[in-house]
Amino acid sequence: MDISTHTPTAPPPSPRPGQAENRTVRGATRPGDRIFLGLSRGSGIALLLIMASIAVFLTYRAFKVLPEDTGNFFTTFEWNTNVTPPDFGIAVLVFGTVVSSIIAMALAVPVAVGIALFLTHYAPRRLSGPIAYVIDLLAAVPSIVYGLWGALILVPNLDGLYGWLDDYLGWTGIFDWQGGAPRSLLTVGILLAIMILPIITNVSREVFRQVPRMHEEAALALGATRWEVVRMSVLPFGRSGVISASMLGLGRALGETIAVATVLSPTFEIKASLLDPGGGTFAQNIASKFGEATEQGRDALIASGLVLFVITLLVNGAARLIIARRAEYSGANA
């Protein structure tokens with residue numbers, strides 16, 4: 001009879017005295033962990049409830065007046081809520097909000113990223129500290145101060161820029177200037193760019209500081225120049241952070257109120273030229289008309305606020321999708 005050989009395996013080593021007890025203690029959830037978990041979970045739930053309550057309130061007040069609107073809410077170029085039935089629409093507000101925000105982002109993001117790279121990789125320490133401090137102070141300036149500066153300093157000194165744009169780019173129609181005070185969407189975009197510049201710069205600076213030192217040293221060891229180090233190591237790593245910083249700045253640009261109302265000459269018409277006075281934004285329209293509006297007018301303004309709320313959610317959702325798709329290439333997981 002064949003007898004199969006079997007090599008016995010060694011039994012697992014018995015735990016040392018007290019080892020089992022130590023594992024139990026380390027694996028157990030401490031009271032502080034349970035408290036922190038409960039607070040974190042409660043904060044997240046509270047945030048969702050607040051967002052839901054805002055959405056419900058805006059939707060309820062908006063649909064009280066939308067059935068009475070005699071025009072198309074999305075295409076009407078009027079805002080007359082003091083008559084019965086009311087006639088109002090958000091076509092001009094959507095155009096003004098989107099265009100001014102695009103101008104602000106196009107001007108602010110490249111400058112902010114350049115400043116952040118200069119402070120983290122080029123400027124000496126004795127220079128980067130004071131510049132960063134000044135940028136932090138700019139982020140704390142109230143909106144009304146920016147608005148007063150824009151109305152008293154920026155607007156009177158834009159005639160030269162507007163004339164130059166009209167001379168060289170007026171043939172496009174977008175930069176055609178017929179004279180008059182430069183209280184247009186381009187002025188609003190420039191002011192918003194100055195306002196959101198500190199936010200994007202500060203966040204981007206902190207992101208660039210988190211780049212692993214090994215990445216930069218490896219690029220230098222391969223013979224890369226300083227700009228090649230920035231291009232191959234710093235920017236890919238900080239791409240998601242820059243997108244997040246840009247979305248924070250865009251959120252402020254979309255919802256800015258007082259500064260825009262101070263420098264803009266609001267009209268309910270869409271003009272092809274960015275230099276012509278006129279236009280309007282959601283926040284500016286709500287701020288300028290809410291005080292003297294009737295109950296019906298306030299509901300109409302809240303309806304426009306609901307659209308701004310939805311636009312903001314869509315922008316942030318799109319940013320999250322971009323970050324999620326780019327995360328694997330950002331270098332953060334390396």
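We did not get these values from a lab; they are worked out from the coordinates using the rules stated. Because the structure is predicted, anything quoted here is derived from the model rather than measured. FYI the Cβ positions are ideal-geometry reconstructions off the backbone, even for glycines, and counts take in every protein chain you see.
For the chain, modelled as a GNM whose springs connect Cα atoms under 10 angstrom apart, the maximal fluctuation among Pro277, Pro198, Pro142 occurs at Pro142. Rounded to 0.05, the FRET efficiency of the Ile258 and Ala123 pair, given R0 = 45 Å and the Cβ-Cβ distance, is 0.85. Result for the chain in a Gaussian network model with C-alpha springs under 10 Å: among Gly114, Gly147, Gly249, the largest mean-square fluctuation is at Gly114.
Taking 0.36 nm per residue of separation and subtracting the Cα-Cα distance, full extension of the segment from Arg231 to Lys64 would add 54.8 nm.
Note on Arg41/Val98: beta-carbon distance plugged into 1/(1 + (r/R0)^6) with R0 of 30 Å gives a FRET efficiency of 0.25. Per-residue Karplus couplings for segment 46-56, computed as 6.51 cos²θ - 1.76 cosθ + 1.60 with θ equal to phi - 60°, are listed in order as 4, 4, 5, 5, 5, 4, 5, 5, 4, 4, 5 Hz, Gly and Pro entered as x.
Counting only alpha carbon atoms, the long axis of helix 159-169 and the longest principal axis of the chain meet at about 80°. Each 10 Å bin from zero holds the following percent of Cα-Cα pairs in segment 51-329: 6, 24, 28, 24, 12, 4, 1, 0.
As a test of the formula, what do you get for the chain when each DSSP H run with n ≥ 4 contributes -39,500 (n - 2.57) and the sum is divided by the residue count, at 222 nm and rounded to the nearest 500 deg cm²/dmol?
Numbers: 13 runs with 209 residues, N = 334.
So the helix-based figure for the chain works out to -21000 deg cm²/dmol.
Between helix 295-326 and the chain there is an angle of about 40 degrees, using the helix long axis and the longest principal axis of the Cα atoms.
Of Ser233, Ser204, Ser40, the residue with the greatest mean-square motion in the GNM of the chain, using alpha carbon springs below 10 Å, is Ser40. Rounded to the nearest whole Hz, the Karplus-based 3J(HN,Hα) values (6.51 cos²θ - 1.76 cosθ + 1.60, θ = phi - 60°) of segment 175-181 follow the sequence 10, 7, 10, 9, x, x, 5, with x at glycine and proline.
With the simple model of a label 7 Å out from the Cα in the direction of the Cβ, Gln210 to Ile323 spans 0.9 nm. Phi-derived couplings, Karplus 6.51 cos²θ - 1.76 cosθ + 1.60 at θ = phi - 60°, listed residue by residue for segment 234-240: 6, 5, x, 5, x, 4, 5 Hz, with x used for Gly and Pro.
With angles folded into 0 to 90 degrees, how steeply does helix 125-139 sit against the dominant principal axis of the chain? Use alpha carbons for both and round to 10. The angle comes out at about 50 degrees. In this structure, the amide hydrogen of Phe88, modeled 1.01 Å from its nitrogen in the peptide plane, lies closer than 5 angstrom to those of Thr70, Gly71, Asn80, counting only residues at least 5 positions away or on a different chain.
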